[in-house]
Amino acid sequence: MREGLTFDDVLLQPRFSSIISRKEVNTKTRLTKNITINVPIVSANMDTVTESGMAICMAELGGMGIIHRFLTVEQQINEVIKVKRAHNFIIHDPYTIDISQNIGDVKLSMRNKGIHSLLVVDSQKRLKGIVTTRDLLFEDDDNVALETIMTSLEKLICKKVNHYSEVDFEDAKKILKTNKLEKLPLIDEQGMIKGLITVKDIEKRLEFPNAVKDNNGRLMVGAAIGVKNDYLERTAELVRVGVDVLVIDIAHGHSQSLLDTLYKIKSEFPHVDVIAGNVATKHGTLDLISAGADAIKCGVGPGGTCITRLVTGSGVPQLTAIMDCCETATYKDIPVIADGGIKYSGDIVKALAAGASSVMLGSLFAGCEESPGHTRIKDGQKFKVYRGMASYDAAASRTNTEKGYEINMTDYVPEGVETTIPYKGKVKEVMDQLVGGIRSGMSYLGVNEIEDMTKNADFIKMTAAGWHESKPHAQK
Ligand code: XMP
């Protein structure tokens, strides 16, 4: 019988290092065959971890968020749209409102879209003005005509262009600065809107130089789909709104239903990269790659809310699973995402040194401000709920969001649990610690690039006493 090891069983032996500052190491890595991210971390497609708030922060900080699928199709694509609209140098299709509307319509539209301004257009879609929340401040009567409170075109400074590609970043910055503007609409000779530049977007661009963006300068985002019911309709809609990567994951990814779904998605949407999983073996990895996977998600049962191994007796300790999956995937030049069981930044370093190109995190992010769900207080402590996607609660709520999904809860055998996680504040602070740990770990291995970590990785197995010694243990 083979021996299976996990993160707490091993350490990486320190190597000679010529790295002077950990800042000099490069944390860029491949997430999938065609997508590169700037730090090797993605947030899990779980309903207590990733919706648009988390995904925006993840992409701003150089990683990526995967929007979970326990949402209706409409809700899920709205989450993707929010990420896609969060950063723009130029907003190509700014939200507009017809000039014939009233203040009530403006408020409703702003609330639904989560925005603070709208461009006002006539029936021909020509720019007529702009309305912002400031214009609404002292207006209590929702029936007042929009036209009476908006800033009209005559008072607006616009830039005339035929196409948004004619606009230069520095030039736009100068116009905004000189005229003390918040917004700069781009229009053509006929007054048709060609885009919108906002000070906020320019500030964000400067604030997050490490952000992961698509070819149109928008933040990148992934979304999860299932293998049954509305998955094709869901995929078509997600692709339509510009999702960058799809994740098809089921608990037992080495299965015919996953392979069939993967074939179908890759043949109907060949231009979108697909991450497939979860698997924990060489054979599983090979079958998924043969079916078209652009990245493999590795992990059966290591997650913080998982009880798969207890319920089914199946699984592979995560470090061994990563090494096995990577052996096959590396040969096929397909990246592996190590998913689940990461408790410390050191575990990320071990996962990368074992061959993974990135890691997926759930519990480390579930207590963050940006994860979905309210912060609760119990015994003076703030916390957030974290639940496995195969938990009883998660399964029960799925009936409302997935078309055609039916489940008899009395027969349901959960493979996940619900728990609480102490509130951790902003995800940026958590990420800074994790990325700092990865950088130091790379320095201990003497490597500047993530892909070189396996070459210098010399794992040593430790006893329980070794693990005890690894944790703080000074006596009082
Ligand atoms: P961590 O350890 O970061 O793991 O909390 C996150 C990963 O756990 C997986 N996951 C589950 N696994 N039952 C399982 O066996 C579940 O209910 C469940 N929910 C999530 C998933 O791969 C996630 O990314």
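The values are calculated or read from the model by the stated rules, or taken from the named source; none is laboratory data. The model shown is predicted, which means the values in this text are computed figures rather than measured ones. Glycine gets a Cβ as well: all are built from the backbone with ideal geometry, and neighbour counts include every protein chain shown. Side chains included, ligands, DNA and RNA excluded: accessible areas come from the protein's heavy atoms. Shrake-Rupley method; radii C 1.70, N 1.55, O 1.52, S 1.80 Å.
If you look at the Cα atoms of segment 96-207, you get an Rg and a Dmax of 14.3, 41 Å.
Solvent exposure of the chain amounts to 48 Å² per residue of accessible area, where only protein heavy atoms count and the probe is 1.4 Å. Each Lys and Arg Cβ is given +1 and each Asp and Glu Cβ -1; about its Cα centre, the chain then shows a dipole of about 1000 debye.
Report in % the part of the accessible area of segment 310-383 that belongs to carbon and sulfur, leaving out ligands and nucleic acids; probe 1.4 Å.
On the way: 1510 of 3050 Å².
Result for segment 310-383: 50 percent of the exposed heavy-atom area is carbon or sulfur.
To put it simply, the accessible area of segment 96-207 at a 1.4 Å probe is 47 percent carbon and sulfur.
Unpaired Cys in the chain, meaning no second Cys C-beta under 4.7 Å: Cys57, Cys158, Cys306, Cys326, Cys368.
Accessible area of Tyr392 (1.4 Å probe, protein heavy atoms only, ligands and nucleic acids ignored): about 100 Å².
Using the alpha carbons alone, the radius of gyration of the chain stands to its Kirkwood radius in an Rg to Rh ratio of 1.01. Near Val120, once Lys and Arg are set to +1 and Asp and Glu to -1 for all other residues with Cβ below 9 Å from its Cβ, the sum equals -2.
Our estimate of slack between Lys378 and Lys426, defined as 0.36 nm per intervening residue step minus the Cα-Cα distance, is 15.3 nm.
Arranged from highest to lowest average of other beta-carbon atoms within 10 Å per residue, in what order do the peptides 73-81, 400-408 appear? Each step should come with its number before you reach the end.
Working: 73-81: 19.0, 400-408: 12.1.
Sorting 73-81, 400-408 by mean packing, highest first, produces 73-81, 400-408.
Across the options Ile197, Ala59, Val435, the greatest Cα extent toward the positive end of the charge dipole of the chain (unit charges at beta carbon of Lys, Arg, Asp, Glu) belongs to Val435.
So which of Lys155/Lys204; Lys177/Lys426; Lys128/Lys194 end up more than 19 Å apart, counting from Cα to Cα? Display every interim value, and only then the final one.
Details: Lys155/Lys204 27 Å; Lys177/Lys426 31 Å; Lys128/Lys194 14 Å.
Pairs exceeding the cut-off: Lys155/Lys204; Lys177/Lys426.
Gain on full extension, evaluated as 0.36 nm per residue between Thr330 and Thr72 minus their Cα-Cα distance, stands at 89.3 nm.
Mean sequence separation of contacting Cα pairs (under 8 Å, at least six apart), scaled by the length of the chain, corresponds to a relative contact order of 22 percent.
If the chain linking Asn112 and Glu233 were pulled fully straight, counting 0.36 nm for each residue of separation and taking away their Cα-Cα distance, it would gain 41.2 nm. Among residues other than Ile91 with Cβ under 11 Å from its Cβ, the summed charge is +4 (Lys and Arg +1, Asp and Glu -1).
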